[in-house]
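Participant: Structure provided below as structure tokens; questions to follow.
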Amino acid sequence: MKTYLQVTLLVWLAAQGGIASAQMELQSYDAKNHDRFYVGADKAFIGDPYDWSGVGRVVGDEITRGWATMISPHYFLSAYHFPPALTDALRFYETNDPSGAFEDHAIESSKRIPNTDLWLGKLDTPVTGAAIYPILNLPTHSEYEGLVIYTFGRSDTTPQERNVRLGRNNIDLVAFRSDPDSQGSTGEVLVFGFDYPTGGVGADESHLQPYDSGGPSFAVLGGSPALVGIHWFIGDDPVVYSADSFVPDYIAQLNAAMSELGAGELDEQVTVLVPEPSVLVMLLGLGAGCLAWSIRRRASHRRGMNMSQRAGR
């Protein structure tokens, strides 16, 4: 069944041009578990004890602003179709406490990774207290399938720089998206289905919604997050699914773009994480029981989405 769904979805992806764009949907949302900046003695955040300080948000009241995920001291990733504006300030909280320390940065410049939905931004000053995330690089696409990922999206809180929800899922497929979307973007995608009302990883099972675009997806190795995707689009046929730009396939292009934006003044490159075989076997084992996709369609939980939408607009 999984193979059939993979093939069917791959054919569908190749034929469509839509993109993923409100609050990230979870199988069973609970603010104390899923909101990064929830305040209360009963807080049981699923993201503890990992370091999320390198995931930033635009400062301000508008809900239509984006995300930033640090991949070097100056450089961050977001979505080309939904990036922070060059006039925006980005805020990075050092902990999951909304009253804790943070740092704000202006954006100096940016560059699209050619023909993709990946958007590389450069800060005017380097981060000092925010994490720099490595990119998980495995030998083949199939080795990513089944991995548990932590997915960031919007919640229903204000201000927007603290409007952060975290869910989990399993990577179901890494595939090539051949046809360009309305922005002319194409490239490799990481796909994760939405099992509802049961299955998958349970209560944390996530599905992207409008304005989640540009948010990151991480695998966790040895207690540290490693970047695998940046949110791009969503769909509900043949199954309800979310899709990211698959970052590991663009390591060389990211390094080239960083060199170009640095203009010889900054010698920064991405960090590549290649796990030991024993660690990879353990990760695959953790996700092996969660690979099946639900083919049941639940219109009440799609909230009138089209067949394919941007996760960010």
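The values are calculated or read from the model by the stated rules, or taken from the named source; none is laboratory data. What you are looking at is a predicted structure, and each value in this text was computed from that prediction instead of being measured. Methodologically, a virtual Cβ is constructed for each residue, glycine included, from the backbone with ideal geometry; neighbour enumeration extends over all protein chains shown.
Participant: Given the criteria part of a strand (DSSP E or B), among the hydroxyl-bearing types (Ser, Thr, Tyr) and over 19 Å from the mean Cα position of the chain (by Cα), does Ser109 qualify?
Facilitator: yes
Participant: I would also like to ask the following. For the list (1) closer than 21 Å to Ala175 by Cα; (2) modelled with pLDDT under 95; (3) crowded, with 24+ Cβ neighbours inside 10 Å; (4) of a type outside the set (Gly, Ala, Ser), I need the number of the one condition that Phe82 fails.
Facilitator: Among (1) closer than 21 Å to Ala175 by Cα; (2) modelled with pLDDT under 95; (3) crowded, with 24+ Cβ neighbours inside 10 Å; (4) of a type outside the set (Gly, Ala, Ser), Phe82 violates only (1).
Participant: Of these, Asp181, Asp172, which one is of a type in the set (D, E, K, R) and surrounded by 24 or more Cβ atoms within 10 Å (Cβ to Cβ)? Reasoning before the result, please.
Facilitator: On the way: Asp181 fails: surrounded by 24 or more Cβ atoms within 10 Å (Cβ to Cβ).
Being of a type in the set (D, E, K, R) and surrounded by 24 or more Cβ atoms within 10 Å (Cβ to Cβ) holds for just one of Asp181, Asp172, which is Asp172.
Participant: Got a number for residues in the stretch 202-225 being at pLDDT 95 or above, surrounded by fewer than 21 Cβ atoms within 10 Å (Cβ to Cβ) and aliphatic (A, V, I, L, M)?
Facilitator: Final tally of qualifying residues: 2.
Participant: Residue by residue through the stretch 91-105, note down the ones that are under 21 Å from Tyr133 (Cβ atoms) and in contact with a Lys or Arg (Cβ under 7 Å, 6 or more places away or on another chain).
Facilitator: Across the stretch 91-105, the qualifying residues are Arg91, Asn96, Phe102, Asp104.
Participant: Okay, moving on. Among the residues of the stretch 188-201, is any buried (at least 24 other Cβ atoms within 10 Å of the Cβ), at pLDDT 95 or above, closer than 30 Å to Pro126 by Cβ and under 20 Å from the mean Cα position of the chain (by Cα)?
Facilitator: So far as the stretch 188-201 goes, yes, one or more of its residues are buried (at least 24 other Cβ atoms within 10 Å of the Cβ), at pLDDT 95 or above, closer than 30 Å to Pro126 by Cβ and under 20 Å from the mean Cα position of the chain (by Cα).
Participant: I've got another one for you. Residues to consider are Thr116, Thr128; find the one that is over 18 Å from the mean Cα position of the chain (by Cα) and polar (S, T, N, Q).
Facilitator: Details: Thr116 fails: over 18 Å from the mean Cα position of the chain (by Cα).
None of the others qualify; the one that does is Thr128.
Participant: While we're on this one: Exactly one condition in (1) in contact with a Pro (Cβ under 6 Å, 6 or more places away or on another chain); (2) under 11 Å from Met24 (Cβ atoms) is false for Asp212; which is it?
Facilitator: (1)
Participant: For the stretch 24-44, does any single residue satisfy the condition of being in a loop (DSSP other than H, G, I, E, B), buried (at least 22 other Cβ atoms within 10 Å of the Cβ), at pLDDT below 95 and not hydrophobic (A, V, I, L, M, F, W, C)?
Facilitator: No, there is no match, as no residue in the stretch 24-44 is in a loop (DSSP other than H, G, I, E, B), buried (at least 22 other Cβ atoms within 10 Å of the Cβ), at pLDDT below 95 and not hydrophobic (A, V, I, L, M, F, W, C).
Participant: Answer with yes or no whether Val240 is touching a strand residue (DSSP E or B) at 6+ places or on another chain (Cβ under 9 Å) and either closer than 19 Å to Phe192 by Cα or at pLDDT 95 or above (or both).
Facilitator: Yes: the conditions hold for Val240.
Participant: Here are some conditions: (1) part of a loop (DSSP other than H, G, I, E, B); (2) surrounded by 20 or more Cβ atoms within 10 Å (Cβ to Cβ); (3) charged (D, E, K, R). Asp97 meets all but one. Which one does it not meet?
Facilitator: (2)
Participant: So for the stretch 48-66 (the condition being surrounded by 22 or more Cβ atoms within 10 Å (Cβ to Cβ), among the aromatic types (Phe, Trp, Tyr) and part of a strand (DSSP E or B)), does at least one residue qualify?
Facilitator: No, the conditions are met nowhere in the stretch 48-66.
Participant: Which condition does Gly200 not pass, out of (1) within 21 Å of Asp237 (Cβ to Cβ); (2) among the small types (Gly, Ala, Ser); (3) in a strand (DSSP E or B), if it passes all the others?
Facilitator: (3)
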